[in-house]
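Encoded as C-alpha cells, the structure appears first; notes follow it.
The values are calculated or read from the model by the stated rules, or taken from the named source; none is laboratory data. Only a predicted model underlies this, so the values are computations on that prediction, with no experimental measurement involved. Cβ placement follows ideal geometry from the backbone for every residue including glycine, while neighbour counts extend to all protein chains displayed. Accessible surface areas use protein heavy atoms only, side chains included; no ligands, DNA or RNA. Shrake-Rupley method; radii C 1.70, N 1.55, O 1.52, S 1.80 Å.
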Amino acid sequence: MKKILLLLMLFPTLAIAKVDLVKVDKSANKMYLMEGETVIKEYHIALGKNPQGHKQQEGDKRTPEGTYTLDYKKEDSAFYRSMHISYPNKKDIENAKKRGVSPGGFIMVHGQPNRLGWLSTMNQKVNWTDGCIALTNKEMDEFMKLVSVGTKIQIEW
C-alpha cells in the first residue's frame, strides 16, 4: 500500500490516466501513452530487426504501420507478458494475398524473453524482435496497468 501511495504522489497523472491511444514512432524508437493530446507516459522501445517500412509478409522482421487495436492480453508466452496488436487487418491480408505470401501475424507489445529480463539494458538498445514492440519487464507491468484491451495503437515511421 505504501508503494502505491508513493507512486501516486510521484506520478499523480497515472492515478487518473485514461489512455485512449498508444502512439508508436518507429523512427525514434518511442512509444507514447496518450490521453487526448496529453502524453501520459513515454517509453523507449525495441522493434523488429528491419524496422523501416510496413510489414509486408511473415518473416520480414518489420513492425507493421497503421492504426490497429490492442485486442487481448496474453500472460503465458515466451516473453514476459504481452498485449496483442490486431495485425493483420483486411487490407494487410489482401495485399499479402496479391503478392502470394503470408502476411504473418501474432504481433505483440511484450516484455523481455522469459528468464532473460536482466538483459533488457542491452536488448533495448537494438531492434531485436521479429516485428513486435518490446519494453522492459518493469515497463510492461506498467503498460498492462495503464492500457486497456480495446485501445487503439497508431504505428508510424
The range 33-108: D in µm²/s via Stokes-Einstein (Kirkwood Rh, Cα pairs, 20 °C, 1.002 mPa s)?
-> 154 µm²/s
Would you pull out the residues with amide H under 5 Å of E58's amide H, same chain only if 5 or more places away, H placed 1.01 Å from N?
-> S102, G104
Give me the percent of Cα-Cα pairs in the range 60-157 that sit more than 16 Å apart, rounded to a whole number.
-> 57 percent
Residue-normalised accessible area of the range 37-138, expressed per residue, 1.4 Å probe, Å² = 54 Å²
Mind giving me the FRET efficiency for D20 and S77? R0 is 30 Å, r the Cβ-Cβ distance, nearest 0.05 is fine.
-> 0.70
Please work out how much accessible surface F106 shows to a 1.4 Å probe, ignoring ligands, DNA and RNA, in Å² rounded to 10.
-> 110 Å²
What is the sum of charges around V147, taking Lys and Arg as +1, Asp and Glu as -1, for the other residues whose C-beta is under 14 Å from the C-beta of V147?
-> +1
